[in-house]
Amino acid sequence: MIIKDIKTEFPIFKQKIKGKPLVYLDSANSSQKPKVVIDEISKFYETEFSNVGRSVHTLAVKATNKFEETRDKVKNYINAKYREEIIFTKGATEAINLVATAFGESFINSGDEILLTELEHHSNYVPWHYLKKKGAIIKFASVDENGDVNIDEFRNKISNKTKMIAFTHISNVTGTVMPVKKIIDLAKSKNIPVLIDGTQGAPHTSIDVQDLDCDFYAISCHKMYGPNGLGILYGKKKWLDKMPPYQGGGGMISEVKKDKITYADSPTKFEAGTMQTAEVVAFAKSISFFKNLGIKNIESHENEILEYGIEQLKKNNSIKIIGNPKKRASIMSFTIEGIHPHDIATILDDDGVAIRAGHHCCQILHDKLGISASARASIGIYNSKEDIDILCESINKCKKVFEI
Ligand SMILES: Cc1ncc(COP(=O)(O)O)c(C=O)c1O
């Protein structure tokens with residue numbers, strides 16, 4: 001597969017939006033799906049469908065095997081030590097809720113502290129916020145105007161009460177690539193577990209959970225050219241073995257009696273009820289897609305488009321780019337004084353340019369920056385410099401409409 005021609009692998013680009021070719025710059029929200037993934041979903045429903053992990057008939061066994069093969073592929077892709085460390089969820093949000101709830105129940109008590117950063121998506125704050133009911137305290141490491149977290153300040157926020165450090169791999173607003181390894185080393189020196197919200201990390205950079213030595217890593221499959229409604233939680237076996245189930249129901253038990261319930265081991269313990277089946281099976285194709293292209297090639301292509309994008313946006317004096325982090329990936333958020341981001345997004349749509357506007361589920365960061373919303377253009381594997389040129393031309397049209 002050649003990156004230059006990759007758009008042809010995505011059927012969505014065959015259509016026109018308002019008579020214009022689609023310029024899709026909203027991959028941080030959700031990525032488009034390649035034909036291999038779409039075909040696998042159809043094939044599964046047409047010829048292979050069965051619920052998994054229950055019946056013994058031919059289709060059920062085949063479907064279960066394919067489901068479990070994806071688990072192995074994910075394990076290998078992120079270099080987890082054991083397949084039991086890979087749990088399928090409905091998204092990164094559910095993965096983080098699982099940890100906050102189950103880890104929180106066993107290991108976080110009144111007066112304990114959870115350290116986050118001001119860059120966090122609501123999915124990596126709200127689930128922890130619920131632990132305040134137990135008396136837990138949430139602290140935020142602050143972010144400077146460049147969108148960087150100061151490591152010394154981070155260190156000072158850690159205390160002997162800190163029971164979890166949870167932070168994003170890559171910010172979904174500033175594109176900040178966090179110094180993940182440095183923070184994990186810092187946490188490890190104090191024996192504090194770490195959760196990484198890898199939602200924006202996994203689509204753009206290689207993940208080796210053993211090398212990182214993180215305790216939990218949350219992945220959003222729909223941002224990795226995979227099916228919607230699917231996420232993954234990687235968790236170290238030593239924690240998963242000790243954590244209680246997150247949800248109760250069929251499939252996650254060992255034995256149920258009126259007076260006693262015993263639970264299955266991980267990952268089954270955390271996968272209650274009927275799971276996504278076609279989605280899990282098809283995600284194996286997303287992993288093959290990443291492997292065929294090579295994550296280093298993906299990174300360098302996206303960085304080239306990002307650099308060009310930032311350069312072009314900077315030429316426009318009316319645009320204020322949000323953040324100037326030491327290392328940025330795939331995301332360019334901006335404001336234009338006098339035009340609401342929703343108006344920018346609406347006018348860009350007339351040119352077939354899809355971006356996102358709003359607070360991007362990061363109100364804490366937007367409050368800190370003193371703005372209520374921003375426009376965000378985010379880059380995926382199918383974007384080109386031409387897309388950036390169209391984005392910039394469309395922004396100029398937008399300025400004309402508002403006479404700026
Ligand atoms: C940084 C970050 N964390 C978490 C999420 C939530 O992911 P999901 O949609 O898989 O629940 C998002 C989604 O935009 C995100 O950008």
Check your understanding: Pairs under 7 Å by beta carbon, first residue under 16 Å from residue 143 (Cα atoms) and more than 12 Å from the ligand (Cβ to nearest atom) in the range 110-124, partner in a strand (DSSP E or B) and of a type in the set (S, T, N, Q), six or more apart or different chains?
Key -> 115/162
Revision key, fill the gap. Looking across the range 125-142 at residues that are within 11 Å of the ligand (Cβ to nearest atom) and not hydroxyl-bearing (Ser, Thr, Tyr), the single one that is surrounded by the most Cβ atoms within 10 Å (Cβ to Cβ) is 127
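Return yes or no: is residue 76 of a type in the set (S, T, N, Q), more than 16 Å from the ligand (Cβ to nearest atom) and surrounded by 15 or more Cβ atoms within 10 Å (Cβ to Cβ)? Steps first, answer last, please.
Values: of a type in the set (S, T, N, Q): yes; more than 16 Å from the ligand (Cβ to nearest atom): yes; surrounded by 15 or more Cβ atoms within 10 Å (Cβ to Cβ): no.
So residue 76 does not fit the description; no.
Would you mind finding the one in 323, 309 that is surrounded by 22 or more Cβ atoms within 10 Å (Cβ to Cβ) and either among the acidic types (Asp, Glu) or not in a helix (DSSP H, G or I) (or both)? Full working, then the answer.
Working: 309 fails: either among the acidic types (Asp, Glu) or not in a helix (DSSP H, G or I) (or both).
Answer to the selection: 323.
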Practice item. Select from the range 321-362 the residues that are touching a residue at least 24 places away in the same chain (Cβ under 8 Å) and β-branched (Val, Ile, Thr) and list them in ascending order. Key: 322, 331, 335, 336, 339, 344, 347, 353, 355
Exercise for review: Please work out if residue 140 is under 26 Å from residue 203 (Cβ atoms) and at pLDDT 95 or above.
Suggested key: yes
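Out of 174, 205, 162, report the one residue that is more than 29 Å from residue 310 (Cβ to Cβ) and hydroxyl-bearing (Ser, Thr, Tyr).
Working: 174 fails: more than 29 Å from residue 310 (Cβ to Cβ); 205 fails: more than 29 Å from residue 310 (Cβ to Cβ).
Every option except 162 fails the conditions.
If I filter the range 202-226 down to residues being assigned to a loop (DSSP other than H, G, I, E, B) and within 11 Å of the chain's Cα centre (by Cα), which single residue comes out as farthest from residue 42 (Cα to Cα)? First the steps, then the outcome.
Start the filter on the range 202-226 by keeping residues that are assigned to a loop (DSSP other than H, G, I, E, B), which leaves 202-208, 213-215, 224-226.
The next check asks that each one be within 11 Å of the chain's Cα centre (by Cα); those that pass are 202-204, 224.
On the way: 202: 25, 203: 24, 204: 27, 224: 19 Å.
The extreme case among them is 204.
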Check your understanding: Taking the stated definitions as given, is residue 94 more than 21 Å from residue 204 (Cβ to Cβ) and either assigned by TED's automatic domain parsing to the domain that holds residue 362 or of a type in the set (D, E, K, R) (or both)?
Key -> yes
Practice item. Could you tell me which of the residues 388, 347, 364, 381 is outside any loop (DSSP other than H, G, I, E, B) and buried (at least 21 other Cβ atoms within 10 Å of the Cβ)? Key: 388
Practice item. Being assigned to a helix (DSSP H, G or I), surrounded by 16 or more Cβ atoms within 10 Å (Cβ to Cβ) and of a type in the set (S, T, N, Q) is the filter here, so list the residues in the range 79-108 that pass it. Key: 93, 97, 101
Check your understanding: What about residue 229, is it touching a residue at least 60 places away in the same chain (Cβ under 8 Å), assigned to a loop (DSSP other than H, G, I, E, B) and either within 16 Å of the ligand (Cβ to nearest atom) or assigned by TED's automatic domain parsing to the domain that holds residue 122 (or both)?
Key -> yes
**Study point:** Per-region count, the range 208-223, residues buried (at least 24 other Cβ atoms within 10 Å of the Cβ), more than 9 Å from the ligand (Cβ to nearest atom) and in contact (Cβ under 8 Å) with a residue 60 or more places away in the chain
**Key:** 2
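The values are calculated or read from the model by the stated rules, or taken from the named source; none is laboratory data. No experiment lies behind these values; they were computed from the predicted model shown. All Cβ positions, glycine included, derive from the backbone under ideal geometry; neighbour counts span all protein chains shown.
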